[in-house]
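To start, the structure under review is shown below, and the notes come after it.
The values are calculated or read from the model by the stated rules, or taken from the named source; none is laboratory data. If you're wondering where the values come from, they're calculated on a predicted model, not measured in any experiment. Cβ placement follows ideal geometry from the backbone for every residue including glycine, while neighbour counts extend to all protein chains displayed.
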Amino acid sequence: MPHNTEAHREKVVVALSSVGAAIGLTSLKIIVALLTGSLGILAEAAHSGLDLVAALMTFFAVRVADRPADASHNYGHGKVENLSAFLESGLLALTAVWVIYEACRRLLFHEGHIEVSIWAFMVMFISIIVDFTRSRVLLRVARKLESQALEADALHFSTDIWSSAVVIAGLLVVYLTSTFHLPVWLRQADAVAALGVSGIVLWVSLRLARETIDALVDRAPEELTKQIKQHIDQLDGVAEVRRIRVRRAGNKFFADVIIAAPRTFTFEQIHDLSERVERAAMEQVRTSSPHAEVDIVVHVEPTVSPQETVSDQIHYLAEQQGVHAHNIHVREVEGGLEADFDIEVQSDMHLYEAHIVATHLEQTLLENNKQLRRVTTHLEANNIADDIRRIADSIAGAGSAHDVHLYQPRLITADLYRQKGQAMPELDLVLHTTFDAQIPLSQAHIWAEEIKRALRQAYPNLKSVIIHTEPPEQ
């Protein structure tokens, strides 16, 4: 996957600006909290301090996460963002627990004194303005670049807005209590406000922790996986979607897709189908995450397709055994199927070896398709055909013999396997010969008989020899 320099720069700049804002707010809140004694503002200062730590973690995380894959990190460094977000959630949870402890002490033992001043209100209003601004900037970049670390920062600062509002409400109640001599117990509003802040922080941290843990342990995005499967299922050529695995690292998605396709597809068809599946999966990921980087691996497994014909099956099983079948003819006879076809074998193969190849192919076809009752193969071997033509031409004249066909009929009977040990298989021969159009028919018959005798002498295993005599083509 290419390394996007512009996107990386944008992420680093916005993360660095978040660090600067966190430093300013944390310093300001600590000063005002010490001056006023407000636990609510102190809680906010601690919260902002952890936001500073989180912002620094985010800054370093986005710098590392966008590094391209290398020899030791084949899937890139995107998990660094997820790890950073997880650590941020842990820091937030610890902060919330400490503030809850301090608030309970004030509520139960009435410890601490609060000096409400204009500065307390000003720092909280400034905090709201800053948090609102940077949370929107962070969220915009996070959604644009699919960065979980930046999204975590944005989520923190958006909750800071609400927590600051709670603290302001607490300070206002304390101020009104002192000014209008309201019941003393209302002075504890600051501690109650601190509890409210802590509740918000805990809720945010747990939510963030769940999301980051899901990413770190490679939990599959179930809805996205389901959508990808539905999209791929609609593609022509996909017989079945057998498995889809999706994992996320930062803003990168990795998907492994296994599909089944017709076993009769050519290499080019399989390659085209793989590319279409890859595009479909990528489009679906980009629908939910428009700016995410996507890496998809497609594996195709052969399967029997409902559209596969008997001819397709014959061609496929022949190729599986290293021979090529062509001129395939399939007929329906008395409720069953009969097939005959030509197979090409190596030209230097002996007849007996060719017979074994043909017999094995015929048996495989009969076993794989129960509708087939008879299979007839025509062995195409140049050395055998050339020898037969040479014998025929020696009698009828050079160039007379042509269209040599050797057939080996097989029936699905109990005798199917008995010929395995036979030294020379019985074959049927069909031979076309050309004679002078002016010779008597009786002479053509004599020469045809001589050719038969010569061929039987050369090949004793010939069972049926049919010679078609014909005049030259005009």
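Taking the criterion of being assigned to a helix (DSSP H, G or I), at pLDDT 75 or above, farther than 20 Å from VAL173 by Cα and of a type in the set (Gly, Ala, Ser), would at least one residue in region 67-89 satisfy it?
yes
Taking the conditions exactly as written (touching a helix residue (DSSP H, G or I) at 6+ places or on another chain (Cβ under 6 Å) and in contact (Cβ under 8 Å) with a residue 60 or more places away in the chain), does THR212 satisfy them or not?
yes
Considering only residues that are under 15 Å from the mean Cα position of the chain (by Cα) and among the β-branched types (Val, Ile, Thr), which ones fall in region 266-285?
VAL277, VAL285
Taking the options HIS315, HIS360, name whichever one is within 23 Å of PHE265 (Cβ to Cβ) and not assigned by TED's automatic domain parsing to the domain that holds ARG263.
After applying the criteria, what remains is HIS315.
For the structure I just gave you, tell me whether THR225 is more than 16 Å from VAL300 (Cα to Cα), surrounded by fewer than 19 Cβ atoms within 10 Å (Cβ to Cβ) and in contact with a strand residue (DSSP E or B) (Cβ under 7 Å, 6 or more places away or on another chain).
yes
Against the conditions (1) assigned to a helix (DSSP H, G or I); (2) charged (D, E, K, R); (3) closer than 28 Å to ILE270 by Cβ, where does ASP295 fall short? Just the number, please.
The single condition ASP295 does not satisfy is (1).
Mind checking whether some residue in region 261-274 is surrounded by fewer than 17 Cβ atoms within 10 Å (Cβ to Cβ) and modelled with pLDDT under 90?
Looking through region 261-274, at least one residue is surrounded by fewer than 17 Cβ atoms within 10 Å (Cβ to Cβ) and modelled with pLDDT under 90.
Any idea which residue in region 289-310 is surrounded by the most Cβ atoms within 10 Å (Cβ to Cβ), counting only those that are of a type in the set (D, E, K, R) and touching a residue at least 60 places away in the same chain (Cβ under 8 Å)?
Only one residue tops the list, namely GLU293.
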